[in-house]
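For reference, the structure is listed below as structure tokens.
The values are calculated or read from the model by the stated rules, or taken from the named source; none is laboratory data. Computed from a prediction, not measured in an experiment: that's the story for all the values here. All Cβ positions, glycine included, derive from the backbone under ideal geometry; neighbour counts span all protein chains shown.
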Amino acid sequence: MSAPAPEARSDAAIKLGMRLRDARQSAKLSLRELARRVDVSASLVSQVELGRTSPSVGTLYALVSELGLSLDELMQDGTSLENQLPNTTLRVVETAAVDGDDAPWSSETLATSLPPTEADNELPGLLKVKDRPKLHVAGVLWERLTPENDPNVELLRVTYGSGTESCPPDNLMRHGGHEYFHILEGRLHVEAGPAAGTLSAGDSINFISSIPHRLSNPFPEDCIAIWVVVGRRSHEPGTPISPIA
């Protein structure tokens with residue numbers, strides 16, 4: 001089947017392809033070399049970068065891991081990933097808080113002590129549901145739950161539609177980091193190393209992401225989960241990660 005005409009490409013697919021291409025060029029990798037590292041054809045990588053085809057979930061994981069990215073960064077609004085620096089700021093307020101006169105702090109004291117732009121916000125770090133950055137690939141929807149990309153952790157709401165999977169059953173995936181997820185609705189079948197089982201609403205699991213694993217939803221209803229990945233950047237570019245047989 002021929003590739004769709006340029007006008008048929010979705011904005012989301014084009015933006016995804018541009019961000020992957022920017023990251024590949026920043027890493028000074030050729031199409032052929034990146035394809036070799038993630039065990040796909042150079043033609044497929046080219047078609048993804050042009051927004052003419054969507055990668056499988058497993059291929060997308062392999063690409064972002066090899067390029068030292070996260071799903072968070074693919075949801076950024078910027079046009080280029082080159083030289084992008086983390087802009088997340090942590091504000092720590094110690095317990096037993098007192099002001100300069102040793103008087104107890106109150107919410108009013110804290111508000112007046114912050115710069116006007118922060119004091120006027122409803123809450124620091126607030127993200128409204130309508131503003132969630134999203135990524136939709138192969139029937140799987142990722143929604144970032146932080147207003148900014150955090151280079152240390154990915155906090156996501158993930159929906160696996162009925163019949164979707166992270167990779168084929170004969171080609172499990174792995175990547176850097178440690179992942180945790182909690183099922184909100186539906187069911188999800190999980191394979192991690194030699195073990196396998198089905199999680200239902202209310203269940204949680206965590207495992208080291210370098211263990212060959214596969215997530216799938218063979219059930220009639222969608223599965224919605226809160227998903228956290230810590231340390232995805234621990235992967236060393238150039239080493240094989242995903243998918244694997």
Exercise for the section: Could you tell me whether region 83-104 includes any residue that is at pLDDT below 80, among the acidic types (Asp, Glu) and touching a helix residue (DSSP H, G or I) at 6+ places or on another chain (Cβ under 7 Å)? Expected result: yes
Handout entry: Matching residues, region 151-205, being surrounded by fewer than 17 Cβ atoms within 10 Å (Cβ to Cβ), among the hydrophobic types (A, V, I, L, M, F, W, C) and in a loop (DSSP other than H, G, I, E, B)
Key = Ala201
Exercise for the section: Go over the candidates Lys15, Lys28 one by one and state the one that is modelled with pLDDT of 50 or more and exposed (fewer than 11 other Cβ atoms within 10 Å of the Cβ). Expected result: Lys28
